[in-house]
Amino acid sequence: MKKFQVAILGGGGAGLTASLYTSRANLSTVLFEKLTPGGQIAVTDLVENYPGFPEGVLGPDIAMKMEEQAKKYGTVIEYQEVKKILSASQGGFSLETAGGEFRADSVILATGASFRMLGVPGERELTGKGVSYCATCDGAFFKGKNVLVVGGGDSALQEGIFLTRFATRVTVVHRRDKLRASPILQQRAKENPKIDFIWDTAVEKIEGQGKVQRAQLKNLKSGHESEFPVDGVFIFIGHDPNSAFLKGFVDLDEKGYVKSDGSVKTNVPGVFAAGEIRAGATKQLVAACGEGCEAALAAQEFLEHV
Ligand code: NAP
């Protein structure tokens with residue numbers, strides 16, 4: 001069994017910033033990450049709204065730098081998932097992983113959220129065969145092709161604009177006639193000659209023999225159904241919190257986000273939440289990093305009194 005003063009769950013902007021602060025404060029720190037560090041930022045193309053980078057910074061680059069910086073001060077990164085956390089009878093917390101038990105005196109929850117699926121026929125079967133949730137990862141496969149982008153938020157438009165580097169035509173299908181995305185992205189998308197919009201429309205089915213060939217669309221106002229020939233369907237319809245393993249350990253809201261005191265304290269003393277996993281979080285990289293810092297300082301203060 002390995003023991004640390006701080007265990008951080010999740011290696012996105014919140015978790016990596018928290019680990020930078022705790023390890024730099026000489027607290028023994030372990031950070032658990034089940035995929036690659038960086039979280040959602042690692043699969044984002046260009047980040048334009050992180051201060052200090054007037055030309056923008058590539059998501060994977062800033063993720064790598066954050067990891068390097070945390071490691072420099074002694075953070076131990078465990079590339080595995082925490083399956084369960086319990087309050088240990090002798091104080092502190094017990095974390096169960098496939099690689100055995102870890103103990104920590106305090107815990108920072110920063111597991112973020114994962115992309116939401118549409119839940120339509122063909123989506124699961126054709127994932128990796130034309131259905132994708134990551135333009136940065138898969139965009140290059142669609143050179144000279146036509147793709148659909150589903151969603152009307154910042155992700156849909158940012159990733160849709162990115163896809164125009166490869167695709168001949170990007171058609172954004174949105175279930176309403178008003179976009180949720182920020183005005184700057186709306187303007188860029190609307191001015192991009194490779195982007196079209198289909199409004200008030202849902203994707204009902206994705207079809208194809210071994211690869212995506214068409215989508216069945218339905219206008220939600222008129223009820224009109226149509227077939228849309230297409231090579232790829234990129235889905236950006238928001239996220240759901242990665243908190244299933246936290247049920248019964250900390251208080252969650254009705255959507256599964258971790259409740260806090262308005263700041264980073266959860267209902268369990270010594271357990272803090274930072275970034276997108278926290279109910280009410282702003283869901284921006286810079287805010288996630290700020291919350292990571294706040295959680296680290298709160299953990300530090302907590303540890304001074306145990
Ligand atoms: P989001 O803002 O929640 O938008 C999700 C979009 O998908 C909405 O337009 C929503 O439609 C639509 N949608 C949801 N469920 C759907 C369903 N079942 N079928 C069809 N459409 C559905 O999610 P996001 O775009 O991933 O952004 C998440 C957060 O990250 C936001 O706070 C965003 O600002 C932030 N973000 C920021 C940037 C940036 O600053 N550059 C980039 C990416 C993300 P309705 O509009 O009708 O609800």
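Table for the structure above
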| quantity | calculated |
| --- | --- |
| Packing-based order for 96-109, 177-190, 43-56, using average beta carbon neighbours within 10 Å, highest first | 96-109, 177-190, 43-56 |
| DSSP-loop trypsin sites (Lys or Arg not before Pro) across the range 197-239, with at most 11 other Cβ within 10 angstrom | 221 |
| Among 220, 27, 163, residue whose mean-square fluctuation peaks in a GNM of the chain (springs only between Cα atoms under 10 Å) | 220 |
| Solvent-accessible heavy-atom area per residue, rounded to whole Å², over the chain at 1.4 Å | 49 Å² |
| Antiparallel DSSP beta bridges within the chain, percent to nearest 5 | 45 percent |
| HN-Hα J in Hz across the range 98-108 - Karplus 6.51, -1.76, 1.60, θ = phi - 60°, x for Gly and Pro | 5, x, x, 8, 10, 10, 9, 7, 8, 9, 10 |
| Accessible surface of the range 105-218, 1.4 Å probe, proportion on carbon and sulfur as whole % | 48 percent |
| Across the chain: Cys residues that no other cysteine approaches within a C-beta distance under 4.7 Å | 289, 293 |
| Potential extension, residue 53-residue 306 segment - 0.36 nm per residue separation minus Cα distance | 87.1 nm |
| Interchain or long-range residues, amide H under 5 Å from residue 31's placed H | 8, 76, 77, 78 |
| Euclidean distance between Cα centres, the range 167-243 to the range 99-151, Å | 16 Å |
| Residues with amide H under 5 Å from that of residue 84, placed H, sequence gap 5 or more | 96 |
| Entries in 3/34; 143/205; 145/218; 145/211; 145/283; 34/65 that, when Cα-Cα distance is taken, lie over 21 Å | 143/205; 145/218; 145/283 |
| Environment charge of residue 168, counting only residues whose C-beta is closer than 10 Å and scoring Lys/Arg +1, Asp/Glu -1 | +3 |
| Efficiency of FRET from Cβ geometry, residue 211 and residue 114, R₀ 30 Å, rounded to 0.05 | 0.80 |
| Over the chain - Rg/Rh using Cα atoms and the Kirkwood inverse-distance radius | 1.02 |
| Projected label distance in nm at residue 227 and residue 180, using a 7 Å step from Cα toward the beta-carbon | 3.2 nm |
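The values are calculated or read from the model by the stated rules, or taken from the named source; none is laboratory data. Every value quoted in this text rests on a predicted model; they were computed, and no experiment measured them. Cβ: placed from backbone, ideal geometry, glycine included. Neighbour counts: every protein chain shown. Each accessible area value is taken on the protein alone, full model and side chains, heavy atoms only, with ligands, DNA and RNA left out. Shrake-Rupley method; radii C 1.70, N 1.55, O 1.52, S 1.80 Å.
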